[in-house]
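Throughout, read-outs are computed from the coordinates displayed, never taken from laboratory work. Every value quoted in this text rests on a predicted model; they were computed, and no experiment measured them. Cβ atoms come from the backbone with ideal geometry, glycine included; neighbour counts cover every protein chain shown.
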């Protein structure tokens with residue numbers, strides 16, 4: 001406990017120092033919004049996860065299936081579109097600053113990829129060890145597979161975000177040249193993809209069935225999340241309409257899509273839906289993004305005034321320094337708690353989902369999971385601040401590495417780390433191969449070395 005208290009004090013002191021050095025012109029709301037969005041995702045996942053332990057064993061489900069009315073809640077809890085919008089803003093700001101300094105795309109990409117992927121490494125190592133230990137101990141591979149699949153769901157975001165980060169400078173160049181026409185094209189492409197999925201479904205060629213949801217549909221990961229990035233570019237460049245316009249367009253579009261065009265009301269995947277809005281993402285998520293974008297623009301000015309206060313801004317800095325670790329580990333914590341409860345005859349997980357008792361005990365579950373998550377995050381959050389390297393790999397090598405990471409993370413997010421009765425080594429090792437290619441294991445360079453190098457260059461000049 002003393003170590004945890006010391007870590008918290010150190011985090012707070014460092015945050016106060018950073019807060020005092022923050023220039024007044026920085027859009028602090030963007031940073032705070034990133035942290036708040038991830039916290040909403042975390043507590044939303046903890047809310048909708050339904051685990052019941054009874055006489056017939058453990059059953060796992062989703063509150064959105066058990067209580068369909070809760071699907072409306074996803075219009076608030078599904079904030080990944082907003083997170084990608086914030087990511088677009090951050091990428092535009094980072095790339096613009098790098099360009100002004102004369103930093104190459106190679107260096108910029110290397111720093112971004114390493115910063116994004118480094119926090120994932122401890123999670124992957126944990127599940128490699130835990131899953132293999134479970135198999136060696138004779139645990140049911142199906143149970144281990146389900147547990148790992150549930151715990152590793154968050155890495156889908158990193159997989160997609162890595163690709164979006166690689167493309168961000170090129171997308172920003174298109175935005176600078178063509179403006180909102182880029183957004184319009186992406187929305188049209190997403191709409192056409194949705195239409196193709198719903199009208200064609202499955203085709204047969206030479207006796208081989210091709211499921212278009214799993215072929216054409218996956219293009220929406222580029223069109224939908226790319227559209228969110230473009231909104232972030234617009235925000236960074238302050239080429240903005242009145243906040244009411246995107247909010248109104250988003251809300252009206254959502255109502256039309258869900259009430260007239262038969263899109264699911266749930267903005268995340270539910271088992272009762274043949275085609276959902278999340279896997280792959282649909283045009284409804286663009287509408288949701290517009291709604292949240294408009295709301296964010298509407299409160300931006302007042303939020304930035306509030307964040308000018310030293311303590312408030314320091315708190316936002318602390319949250320941001322821990323937020324990616326929190327996001328990556330929150331479902332692993334839930335899985336471990338459920339596993340422990342199951343060993344004790346389902347303690348705390350014998351309540352009927354949707355009942356009055358269920359809702360009354362949700363805050364208690366949140367509290368327990370938060371208390372367990374905090375020390376874990378304090379220990380592992382140092383991986384969110386990787387050291388700089390002396391030299392970055394070639395751009396082509398970094399891109400191949402990012403694709404390897406994408407393939408491995410996407411596979412584990414969808415299927416877990418167990419395949420059949422054994423461990424899925426290819427999916428687990430592929431991200432580590434990618435980590436090597438992006439330079440994650442290259443020798444780091446200390447701040448003193450950087451200062452000496454800069455001094456040497458200045459003297460030579």
Original post:
Over the chain, what is the mean sequence separation of C-alpha contacts under 8 Å (at least six apart), divided by residue count, expressed as relative contact order in percent?
Top reply: 28 percent
**OP:** Rounded to the nearest 0.05, what FRET efficiency do residue 308 and residue 255 give with R0 = 41 Å and r taken as the Cβ-Cβ distance? Could you check?
**Re:** 0.65
Subject >> Extension reserve of the residue 180-residue 360 stretch, reckoned as 0.36 nm per residue once the Cα distance is removed >> reply: 60.2 nm
Subject >> Residue order, fewest to most beta carbons within 10 Å, for 177, 387 >> reply: 177, 387
Original post:
Based on the Cα atoms of the chain, what semi-axes does the equivalent ellipsoid have, where each is the square root of 5 times one gyration tensor eigenvalue, given in whole Å with the largest first?
Top reply: 34, 29, 25
Original post:
Quick one: if you stick a label point 7 Å off each Cα along the C-beta vector at residue 199 and residue 370, how many nm between them?
Top reply: 4.9 nm
**OP:** May I ask for the distance between the Cα centers of the stretch 225-242 and the stretch 375-450, given as a whole number of Å?
**Re:** 29 Å
Original post:
What area, in nm² and to one decimal, does the C-alpha convex hull of the stretch 389-437 cast on average over all directions?
Top reply: 3.5 nm²
Original post:
Extension gain residue 69-residue 342, at 0.36 nm per residue separation less the Cα-Cα distance, in nm?
Top reply: 95.4 nm
Subject >> Distance (nanometres) between label positions extended 7 Å along Cα→Cβ at residue 244 and residue 59 >> reply: 4.9 nm
Original post:
Where does each of 163, 33 land when they are ranked from fewest to most other beta-carbon atoms within 10 angstrom?
Top reply: 163, 33
Original post:
Arranged from highest to lowest average of other beta-carbon atoms within 10 Å per residue, in what order do the peptides 327-337, 116-126, 62-72 appear?
Top reply: 327-337, 116-126, 62-72
**OP:** Using the 2.2 N^0.38 Å rule of thumb for compact globular proteins, work out how the stretch 240-314 stacks up: its C-alpha Rg over that value, please.
**Re:** 1.42
Original post:
In nm, what is the difference between 0.36 nm times the number of residues separating residue 22 and residue 352 and their Cα-Cα distance?
Top reply: 113.9 nm
Original post:
So what is the 222 nm mean residue ellipticity for the chain from helices alone, if each DSSP H run of at least 4 adds -39500 (n - 2.57) and you divide by all residues, rounding to the nearest 500 deg cm²/dmol?
Top reply: -23500 deg cm²/dmol
Original post:
Ranked from highest to lowest mean number of other Cβ atoms within 10 Å per residue, what is the order of the peptides 223-232, 132-141?
Top reply: 223-232, 132-141
Original post:
Roughly how many Å is it from the Cα centre of the stretch 95-151 to that of the stretch 276-317, as a whole number?
Top reply: 25 Å
Original post:
What's the percent breakdown of Cα-Cα distances in the stretch 31-106 across 5 Å bins, shortest bin first?
Top reply: 3, 13, 16, 15, 12, 11, 8, 7, 6, 5, 3, 1, 1, 0
**OP:** Evaluate E = 1/(1 + (r/R0)^6) for residue 397 and residue 429, where r is the Cβ-Cβ distance and R0 equals 22 Å; express this FRET efficiency to the nearest 0.05.
**Re:** 0.80
**OP:** Using packing as a proxy for protection, rank 76-88, 423-435 so that the peptide with the highest average count of other Cβ atoms within 10 Å comes first.
**Re:** 76-88, 423-435
Subject >> Simple spin-label estimate for residue 441 and residue 5 in nanometres, 7 Å along Cα-Cβ >> reply: 4.1 nm
